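> Here it is, the structure, as structure tokens.
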Amino acid sequence: MTGRLNFDLKPRHMDGFRLYNSKSRTKELFSPLNKGRATMYVCGITPYDVGHLGHALVYSVQDTLHRWLEFSGYEVTHIQNITDIDDDMIRKSVELDISISDLTEQNHSIYLDEMDALNVMRPDQFPLVSDYIQEIIESIIVLEKQGFAYYVDGYVFFNTSNTRSFGVLSGYSFDKLSTMPRTDTMPDEPEHLKVNSSDFLLWQPSEHSEAMYESPWGNGRPGWHIECSVMARSNLGDQFDIHGGGKDLAYPHHDSEIVQTESLTGVQPSVSYWVHNGTMQLKGEKMSKSLGNLVKVHELLNDGFSGNAIRLSLLMEHYRVDRNFSEDYLNQAQNDIELFKNAIKNNNSGGSNITKLQPLRNVFMDAMDDDLNTPLAIDTLRDLAVLIVEDQIPSQIGVPALLEMTQVLGIDLN
């Protein structure tokens, strides 16, 4: 949805939120660069095909983080890119005989409809790679002049041996990174042209009319990693608070972003908190478009599961946990939504024991302050709903609290 949250109850404090930082591998007290403001960049979709439940997990988690920051009193700036210049975008547009721009618009529109169904708020901006080509070229020129990049036969590579910080997210040494096996998140690159096997593309030749730009190195297009570095920096500055995405992007994508951006600016750290969610799996194997083992959001919606239930099921495990697709969770979530709806329809005086509410709110808020412990938060919502239905908490105070807390989790009971 497009709006910002409006909470009627008392404002939250700003000093108790602990967030797990993938870089330090610890929960850290959230302390933004600018008091009262939080900036976040989330790696968005590559819209060569429709999305799946793995994407829904990423964006439901990041939206929940956004909502909790707003609930805690921060003004949030949220940027999420669209990768419209990419190997898969070129391949799919040729295969379907449509333009890259039409392919982007078609699949991003489907993505937005699905995220609206899951009550995922729209970021402040959706920058397109194709709108940042000149900034990308200028950034590569700077890296080349600084000795962090080298040119070979129309390709420009980042030289990972010239920076000691490469691999801080993956936690592997330079030698280990040089022998890492390829994953499905790694684009194809001309390995024989590299000085080090861990070096990565900044620029590459291209002949596709919609993905071909003039540059000092010939007609071509950007490498994947430099795209996000430039879009994040252009929209949020040399430093910002939170960078989010799936944990499968930590290496090589986010590790590459770190060394590019910090080599460009000389400012460290470029990102204060790296927030990675676990993977969505099907029968123990990570869902991905390349593998084709997908559960799609629109299929679940067509099967009768509500957007509320799908979202709630994704939050039933902690965001950092890898999880298998579970229809049991979906059915449980559907039942929970019915329980919550029955509670808000209740109209009771609830007796005189109004003291049961605040302890539940405290448990909920403490859970969310503890690195977004949504499973415990959801347990609290169930307890509150049952107490309202059983007339143990007056509807007059219980229902507004239930609506408030479900809205923090992105559940729209209205």
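The values are calculated or read from the model by the stated rules, or taken from the named source; none is laboratory data. Just so we're clear, the structure is a prediction, and the values are computed from it rather than from any experiment. Ideal geometry is used to build each Cβ from the backbone, glycine not excepted, and the neighbour counts take in all protein chains shown.
> If you take the residues of the range 193-230 that are of a type in the set (Asp, Glu) and over 17 Å from residue 157 (Cβ atoms), which of them is surrounded by the most Cβ atoms within 10 Å (Cβ to Cβ)?
Taking the range 193-230 and keeping what is of a type in the set (Asp, Glu), we get 199, 207, 210, 214, 227.
Keeping just the survivors that are over 17 Å from residue 157 (Cβ atoms) gives 207, 210, 214.
Values: 207: 10, 210: 18, 214: 10.
It comes out as 210.
> Kindly provide the set of residues from the range 143-154 that are within 18 Å of residue 257 (Cα to Cα) and in contact with a strand residue (DSSP E or B) (Cβ under 9 Å, 6 or more places away or on another chain), ordered by number.
Selection gives 143, 144, 148, 149, 150.
> Any residue in the range 187-209 that is within 22 Å of residue 164 (Cβ to Cβ) sitting within a Cβ distance under 7 Å of a residue that is among the charged types (D, E, K, R) and assigned to a loop (DSSP other than H, G, I, E, B)? List the pairs, counting only those 6 or more apart or interchain.
200/189; 201/189
> Hey, another quick one. Among (1) within 18 Å of residue 16 (Cβ to Cβ); (2) surrounded by fewer than 20 Cβ atoms within 10 Å (Cβ to Cβ); (3) of a type in the set (Gly, Ala, Ser), where does residue 401 come up short?
That leaves (1) as the condition not met.
> Let me ask something else. For residue 202, state whether it is within 27 Å of residue 103 (Cα to Cα) and either under 24 Å from the mean Cα position of the chain (by Cα) or not assigned by TED's automatic domain parsing to the domain that holds residue 85 (or both).
Numbers: within 27 Å of residue 103 (Cα to Cα): yes; either under 24 Å from the mean Cα position of the chain (by Cα) or not assigned by TED's automatic domain parsing to the domain that holds residue 85 (or both): yes.
Considered against the rule, which asks whether it is within 27 Å of residue 103 (Cα to Cα) and either under 24 Å from the mean Cα position of the chain (by Cα) or not assigned by TED's automatic domain parsing to the domain that holds residue 85 (or both), residue 202 comes out as yes.
For every residue, the table says whether it meets (1) basic (Lys, Arg); (2) under 21 Å from residue 267 (Cα atoms); (3) not in a loop (DSSP other than H, G, I, E, B).
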{"residue": "144", "(1), (2), (3)": "no, yes, yes"}
{"residue": "147", "(1), (2), (3)": "no, yes, no"}
{"residue": "156", "(1), (2), (3)": "no, no, yes"}
{"residue": "167", "(1), (2), (3)": "no, yes, no"}
{"residue": "188", "(1), (2), (3)": "no, no, no"}
{"residue": "195", "(1), (2), (3)": "no, no, no"}
{"residue": "203", "(1), (2), (3)": "no, no, yes"}
{"residue": "210", "(1), (2), (3)": "no, no, yes"}
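> While we're looking at this one, here's another question. When the range 393-414 is examined, which residues are found to be within 21 Å of residue 59 (Cα to Cα) and not in a loop (DSSP other than H, G, I, E, B)?
404, 405, 406, 407, 408, listed by residue number.
> Another question, then. All but one of (1) within 19 Å of residue 405 (Cβ to Cβ); (2) free of Cβ contacts under 8 Å to residues at least 60 places away in the same chain; (3) in a helix (DSSP H, G or I) hold for residue 365, so report the exception by its number.
Single failed check for residue 365: (2).
> Being in contact with a strand residue (DSSP E or B) (Cβ under 6 Å, 6 or more places away or on another chain), over 21 Å from residue 22 (Cα atoms) and part of a helix (DSSP H, G or I) is the filter here; which residues of the range 212-237 pass it?
Of everything in the range 212-237, just one residue is in contact with a strand residue (DSSP E or B) (Cβ under 6 Å, 6 or more places away or on another chain), over 21 Å from residue 22 (Cα atoms) and part of a helix (DSSP H, G or I), namely 235.
> If you go through the range 119-163, how many residues are farther than 30 Å from residue 306 by Cα, among the polar types (S, T, N, Q) and under 24 Å from the mean Cα position of the chain (by Cα)?
Kept after step one, since they are farther than 30 Å from residue 306 by Cα, are these residues of the range 119-163: 128-163.
Right, trim to among the polar types (S, T, N, Q) and you get 130, 134, 139, 146, 159-163.
Cutting the leftovers down to under 24 Å from the mean Cα position of the chain (by Cα) gives us 130.
Within the range 119-163, residues that are farther than 30 Å from residue 306 by Cα, among the polar types (S, T, N, Q) and under 24 Å from the mean Cα position of the chain (by Cα) number 1.
> Filter the range 89-112 for residues that are free of Cβ contacts under 8 Å to residues at least 60 places away in the same chain, surrounded by fewer than 18 Cβ atoms within 10 Å (Cβ to Cβ) and of a type outside the set (A, V, I, L, M); which is nearest to residue 37 (Cα to Cα)? Before you say what the answer is, go through the steps one by one.
Applying the first criterion (free of Cβ contacts under 8 Å to residues at least 60 places away in the same chain) to the range 89-112 yields 91-92, 95-98, 102-106, 109, 112.
When the remaining residues are screened for being surrounded by fewer than 18 Cβ atoms within 10 Å (Cβ to Cβ), the result is 91, 95-98, 102, 105-106, 109, 112.
Now narrow it down to the ones that are of a type outside the set (A, V, I, L, M): 91, 95, 97, 102, 105-106, 109.
On the way: 91: 40, 95: 44, 97: 45, 102: 36, 105: 31, 106: 34, 109: 30 Å.
Per the stated criteria, the residue is 109.
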